[in-house]
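Take a look at the structure set out below.
The values are calculated or read from the model by the stated rules, or taken from the named source; none is laboratory data. Bear in mind the structure is a predicted one, so any value in this text is a computation, not a measurement. Here the Cβ positions follow ideal geometry from the backbone for every residue, glycine too, while neighbour counts run over all protein chains shown.
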Amino acid sequence: MMRSMFSGVSGLRTHQTMMDVLSSNISNVNTFGYKSQRTTFKDALTQNLAGAGAPTANMAGTNPRQVGLGMTLSSIDNLMTQGNAQSTGSVTDVMIQGDGFFRLARGTDFTADNLNAGVDGYFTRAGNFTFDANGYLVNAQGLYVVGYNTAGANPGTQLIRLKVDPATTQAINVAANGAVSQIDNAGTSTTIGFLSLAKFNNSSGLERAADNLWRVSNNSGAPIAGTPGGTGLGQVVPGALEMSNVDLALEFTNMIIAQRGFQANGKAITASDEMLQELVNLKR
């Protein structure tokens, strides 16, 4: 069979993957905290028809003669650029302005050593939090928001679940340094803890875990945790959420590129098929 046909098939498959990624980006254009993805390609194996010839005293050198065997997927990159802010007016909506992720965990995983090492727990840029019936600050899936009972650049391992008293709390306040305070019936403000953020040496290496969540991978590095504004972490903005960083103009342009690439590879397969048909018709 012709090499060109299988090269065209590889192009169809990879451009379909590119289209899958583009479609996912577009579908998440209104997902809070979503980080878009991009695909990159690379050429596949090549077949050597002749090696390079070294120059001699009487003859010039010759270049190698190689035939490409198509292309394949090189990477699917996470683009971790900052999304725009959307004001919501809800005090439990919190946005990170700068680097870092909110830390989340289940109650059974709330072990300081494991969470600080990234063994348990999840990370998110979507700060649409609420307080549950018991007064705990949780995300939309019911995971507890990880906090500290002290602030500073190195709060240590004093991890807590941020909790208010539903019976006496009249209002909640979140400061730019991550301090979460409750105001009781008498108007007294009490700090219940500080939001815990984490950053990574390679945040693009984090693994997506659905539900706006990320988790540690082999290439992300361990979380570097602290309170907002410390150790290179961003500040938090209460009453706002980070919008998706999907650029629709870029996505639609890339969609045209993917469509034309798919179409061109399909034409290569059609042309190869017609050439094979001519070969079969040599003997009638």
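Miscellaneous remarks
- Residues of the stretch 230-276 classified as closer than 30 Å to residue 92 by Cβ, of a type outside the set (S, T, N, Q) and out of contact with any strand residue (DSSP E or B) (no Cβ under 9 Å at 6 or more places or on another chain), total: 3
- Restricting attention to the stretch 215-234 and to residues that are among the hydrophobic types (A, V, I, L, M, F, W, C) and crowded, with 23+ Cβ neighbours inside 10 Å, the residue that is farthest from residue 196 (Cα to Cα) turns out to be 233.
- For residue 260, the requirement of being surrounded by 14 or more Cβ atoms within 10 Å (Cβ to Cβ), under 30 Å from residue 17 (Cα atoms) and basic (Lys, Arg) is not met.
- Residue 279 farther than 27 Å from residue 26 by Cβ and part of a loop (DSSP other than H, G, I, E, B): no
- The listed residue being surrounded by 13 or more Cβ atoms within 10 Å (Cβ to Cβ), touching a residue at least 12 places away in the same chain (Cβ under 8 Å), out of contact with any Cys (no Cβ under 8 Å at 6 or more places or on another chain) and not assigned by TED's automatic domain parsing to the domain that holds residue 172, out of 99, 77, 93: 77
- Applying a threshold of 7 Å to beta carbon distances and a minimum spacing of six or more residues, or different chains, the list of pairs starting in the stretch 178-193 at a residue that is touching a residue at least 12 places away in the same chain (Cβ under 8 Å) and ending at one that is surrounded by fewer than 20 Cβ atoms within 10 Å (Cβ to Cβ) and among the basic types (Lys, Arg) reads 192/163.
- Here is the figure for the stretch 11-33: residues that are in a loop (DSSP other than H, G, I, E, B) and surrounded by fewer than 22 Cβ atoms within 10 Å (Cβ to Cβ) total 5.
- Per-region count, the stretch 194-211, residues crowded, with 22+ Cβ neighbours inside 10 Å and either at pLDDT below 90 or within 10 Å of residue 123 (Cβ to Cβ) (or both): 4
- Residue selected from the stretch 45-74 under the condition more than 30 Å from residue 13 (Cβ to Cβ) and hydrophobic (A, V, I, L, M, F, W, C), by the criterion surrounded by the most Cβ atoms within 10 Å (Cβ to Cβ): 52
- Check on residue 155, surrounded by 13 or more Cβ atoms within 10 Å (Cβ to Cβ), modelled with pLDDT under 95 and either out of contact with any helix residue (DSSP H, G or I) (no Cβ under 7 Å at 6 or more places or on another chain) or closer than 26 Å to residue 204 by Cα (or both): yes
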